[in-house]
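Computed from the coordinates by the stated procedures, all read-outs in this text should not be read as laboratory data. Every value quoted in this text rests on a predicted model; they were computed, and no experiment measured them. Note that we place each Cβ from the backbone using ideal geometry, even for glycine, and neighbour counts take in every protein chain shown.
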Amino acid sequence: MSYHRDHDKNQYRRGGRSWRQSRTCTAVVAVVALLLSTTAWLSLVFSGTTTHCWQRFKDWEGSPRFFPWAWRNRRRSEFLSSLMSPSPQPFYTRNRSLSLWEEELSLEHIVFGIAGSSQLWKRRKEFVRLWWRPDDMRGHVWLEEAVPQEDKDDSLPPVMVSEDISRFRYTNPTGHPSGLRISRIITECFRLGLPGVRWFVLGDDDTIFNADNLVAVLRKYDPSEMVYIGSPSESHSANTYFSHTMAFGGGGIAISRPLAEALSNIQDDCLNRYPKLYGSDDRLHACISELGVPLIREHGFHQVLGYPPSKNWHLTPRRLCCELNQTSEEGLRLTVGQCGKGAFGSVPDFV
């Protein structure tokens, strides 16, 4: 009995050792197989033949033979994108040549667009004469019709006649359609195609510019971006009625060339969307807002408003009127007072 028990125990021990040895051998074989397969996979991936085959597959994937319907859809999408998003002109690309901007900004890089009236030009030109430098500046006075030959002066900006605006709608009951004409001065200035222009500066025929200060201000900004510079009115009521983010043209407005180009492409359609607006500044502001360009405030662009006695004065905004008196051959005296009422296009009474 004891013999049989000892024999069974010995057999059990020998079987356990064989089983443990078998498991160990299996694990070793599995590890060796894993190492061999990993080595083979790495050598296959980084071999020149695999790289060549992968490149050929990518070439085939991009060819018309790979899902022809997807190829046609992609080509159609690229074609539509090219129509909707025309490539920008090299002048404005961020990869532009630095030589275009090596020269420091000066007056020769600025074009002035001065809004005027043919009926008032004979008197208002004296304001322009105060700051205009015929040898250093470029620009034009834009009128609704030509002036007599005797009113022309080579020491002043050339006079241009604005395009016909009868095709645009104007439904504001208190304003005047001349606001359409004046708002388009920026487009007409740009379409002249003058070379080397970085900035277009708009103003009225009674706006006084300090040329040196203007250049110093514009040097702070990048003319290759879409930039809209000016200032609201000093009158809170006028800003409340029109906008606190709108540049008032009486104080001057500076527009970079890229923004002027963008406006020239959309402005005519834009103007027909806003027939109820009052004048030129709010129309220009509306179209610039559609382009997503905010106003950059520079308080040196002064727009001064008086306070007419009418209870509806906000419907007929007027600046202070200035009377020019020549005191000597070398000096002028500027008297400022509140504008009296008068029909549009007539010389206002000075009070």
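Details
- Ala260 sits among other residues whose Cβ lies under 11 Å from its own Cβ, and their net charge, with Lys and Arg +1 and Asp and Glu -1, is +1.
- Highest-first arrangement of 238-249, 149-160, where packing means the average Cβ count within 10 Å: 238-249, 149-160
- Protection proxy ranking, peptides 24-32, 254-262, average beta carbon neighbours within 10 Å, highest first: 254-262, 24-32
- A simple packing score, the average count of other Cβ atoms within 10 Å per residue, orders the peptides 128-137, 103-112 as 103-112, 128-137, with the highest score first.
- Separation of alpha-carbon centers, the stretch 232-288 and the stretch 151-224, rounded to whole Å: 12 Å
- Relative contact order of the stretch 105-317, taken over Cα pairs closer than 8 Å and 6 or more residues apart, is 25 percent.
- Remark: the stretch 105-317 projects, on average over all directions, an area of 11.5 nm² (convex hull of Cα atoms).
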